[in-house]
Amino acid sequence: MTTNFDLLFEAAAGRLELPLDVYVAPALPLGNDFRGLVHLHGHVDAQPGQRMVVTDRDFGQAYITEGWATQFLTRMFERYTVVFVGYSADDTVMRYLARALPADASRRYAFTELEHPEKLGSKWSRLGVTPIPYPSSANTRHESLQSFVHHWQERVSATAQDRFDSAAAIVDSGPGNLKYSERRIRWLLADPEHARHFRSTAEPVAWMAVLDGLGILAPLFDSSAPDCDEVAAWALWVASSLSADHGEVLLSIVSQHQGHLSSGLWLNIWSHLYGNYENTTFYRRLLLVISADQPSKDRERLSSLLRGVATQDIEAAETLLHQLLTPRLGFRSRQSWLGGRDSMDTETTLAWRNSSIRDAWPIMLPALSDPGHLLSVVLNLIRAVEATESLFDGDGRRDALSIRRGQVDGVEPYMSDDPYVLVVDIARDLLREFVRTQGPKQALDLLDSPSEMVRRLALDALAESRRVEADRLVGLIARRDLIYDLSTKPETFRLLRVMYRHASRAMQEELLAQVAGGTAPQRNAEVREYERYNVLVWLSADASSDDPVHAALHTLQLLHPRFGPREHPDLNSWIQSGSGADPDPEPEGIYRGKSLRHMVALLAALPEIDDIYDNASVLREVQDRLDAEQGLESSTSWMSLSISRSGHQQSGR
């Protein structure tokens, strides 16, 4: 179908001796069932009854009032795949043709010159037509289309051997002496089969720069490019160059694309470094390139490189760990209770695999080139996380990480998936090493940090001090009133376990006086006798036979003969799991028939329900009231019931 008035199609058919049925407007065939040539707007050799569509009136009759052109086109577009040749999106005729275009644009195309493709694309898309641009120059506009169609016909009709021969011809000519024009190479390698044959024989180190110059590799350096099989195949081919030159040529090309990588190329570079990392300049640069923050980066995969890199190149491993310690601030929803409004919590995430960091850290710790820098990084991260959550919550407490960590020492068993468990482990190991090698000064300075977790880390590290520091550190515990400070209890008790027995007699007596008369800092309240008892039990475990702690413990034991040590005097809470004997089927029977005062006394004697928290005053007041009613002197021993933060035991009681 043509809208031209000339008879060139008839002349060409005659020259080729091809029979040709010709239809001239308005006597048109059915648009969905015809063969031959249709002159939709007539032609110059019009016969009686035939028309030429030239004026606005002619167009109005053809497409609107009489509508014979519209009827033909509507059926044609519904039945056939249509390609527009020689038309512009701005042509007047296209506006009329568009009236007959159905909504489905998946079967309409237009050959267009390769000039401002983004502008042309938007114009054609408004008409529901997909443009197919072809390269052209000012002097060979239409000849270029002829060549384009010819090469397309060759590519479509080529056999597998033809494709292989074409690809081989490109490779054999070499990157410096191309056999075909750049346009034809781009055209051939846009075909998956030609590209596959090319990649099977071409050396990527020799060819990558040339292909990138031709734009063939452009999708590999677009971090937002969608994945597809062809891009993945090119990415695999490009990454194979790393075995030959460790990435020298690839890095040169990446530099021209500002370091951007597609997800496929990122993954292939990561895969090569995972299995083949060596301490070379180019591998170090590639490691930093894939560490850069871009949409294609897979942060969890990146962390799995750490162990392998650490065994070969500790400086690169440190740099990689610094990158992994860069958090992202986000938010998560917190559901309300009892119909209240939902709220948000901050979520400062570290996207790594905990197992990867845990495997690499023992290798890195003894070999670190700059442990001071890494220590400052992790401490600043802890401060930042706690300050961020405190600011968002508005409560002023910087304890977001501290409340997720039962004790600094040892392995945290209940939150192993939390990346900040490992952050605290790294900070702990580094700070301990600093105290061992350089003394306690840095840890002592950190005791005044507003971050609760940093203060706990400092107390934990001070236990690594030399024994000559015992008086100084035991005195610090006494004067800072840390013995009954719940927030640092595990670390304070660890420091006491190590240092108390090495302190002077005078300092031991000063501490024992604090044990006997100290208060709980958080509650500014009296400490129960049972807590003082457990502190003395803890101190006496490693004390010498003549240590005054034994006398203090004996005196308190005489006053409270039913006291027994807690299972973990140094912990605020713990979980005991595992199977054991069946519980007493009627444990509650011991309370039957007892008076209220007697039942409270029995409960107070149970170590399983001991704690030091806020409900202490409740039971104390109950016991005092009951004792007063019985005419008895108020007892100085008391216990409390608590369900908030106690030593939980899954014993079945």
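The values are calculated or read from the model by the stated rules, or taken from the named source; none is laboratory data. These figures come from a predicted structure and were not determined experimentally. Ideal geometry is used to build each Cβ from the backbone, glycine not excepted, and the neighbour counts take in all protein chains shown. These accessible areas exclude ligands, DNA and RNA; they are computed on the full protein's heavy atoms, side chains included. Shrake-Rupley method; radii C 1.70, N 1.55, O 1.52, S 1.80 Å.
List the residues, sorted by chain then number, that are 5 or more residues from V38 or on another chain and whose placed amide H is less than 5 Å from its amide H.
So V38 has HN proximity to T2, Y23.
Per-residue accessible area for Y109 at 1.4 Å probe radius, Å² rounded to 10?
70 Å²
Please list K489, K179, K297 in order of solvent-accessible area, largest first, computed with a 1.4 Å probe with all protein chains present.
K179, K297, K489
Per residue, how large is the accessible surface of the stretch 299-402? Use a 1.4 angstrom probe and give square angstrom.
Counting only protein heavy atoms, the per-residue value for the stretch 299-402 is 52 Å².
Can you give me the % of accessible surface on the stretch 121-276 that is carbon or sulfur? Probe 1.4 Å, all protein chains present, nothing else counted.
53 percent
Identify the GluC sites (Glu not before Pro) of the stretch 5-89 meeting these criteria: DSSP loop state and at most 11 other C-beta atoms within 10 Å of the C-beta.
Filter output for the stretch 5-89: E17.
Could you please state how large a percent of the accessible area of the stretch 330-472 is carbon and sulfur, counting protein chains only and using a 1.4 Å probe?
51 percent
Going by accessible area, probe 1.4 Å, with all protein chains left in place, what is the ranking of F164, F59, largest first?
Putting F164, F59 in descending order of accessible area: F164, F59.
Given a 1.4 Å probe and the protein chains all in place, what does the accessible area of S376 round to, in Å² to the nearest 10?
50 Å²
Just to make sure I understand: if all protein chains stay in place, what is the order of T65, T70, T311 by accessible area at 1.4 Å, largest first?
I get T65, T311, T70, largest accessible area first.
Can you pull out the trypsin sites (Lys or Arg not before Pro) in the stretch 377-481 whose DSSP state is coil and whose Cβ has at most 15 other Cβ atoms within 10 Å?
R397, R466, R480
What is the sum of charges around L214, taking Lys and Arg as +1, Asp and Glu as -1, for the other residues whose C-beta is under 13 Å from the C-beta of L214?
Result for the local shell: +1.
Taking square-rooted eigenvalues a ≥ b ≥ c of the alpha carbon gyration tensor, is the stretch 205-272 rounded, prolate or oblate, where a/c under 1.5 means rounded and, failing that, a/b exceeding b/c means prolate?
Rounded.
Taking the full set of protein chains and a 1.4 angstrom probe, give the accessible area of L261 in square angstrom, rounded to the nearest 10.
Counting only protein heavy atoms, the figure is 0 Å².
What accessible area per residue, rounded to a whole number of Å², is obtained for the stretch 146-280 using a probe radius of 1.4 Å?
Ligands and nucleic acids excluded, the figure is 49 Å² per residue.
Work through the residues other than A443 whose Cβ is under 14 Å from its Cβ and net out their charges, Lys, Arg +1 and Asp, Glu -1.
Neighbour charge sum, excluding A443 itself: +2.
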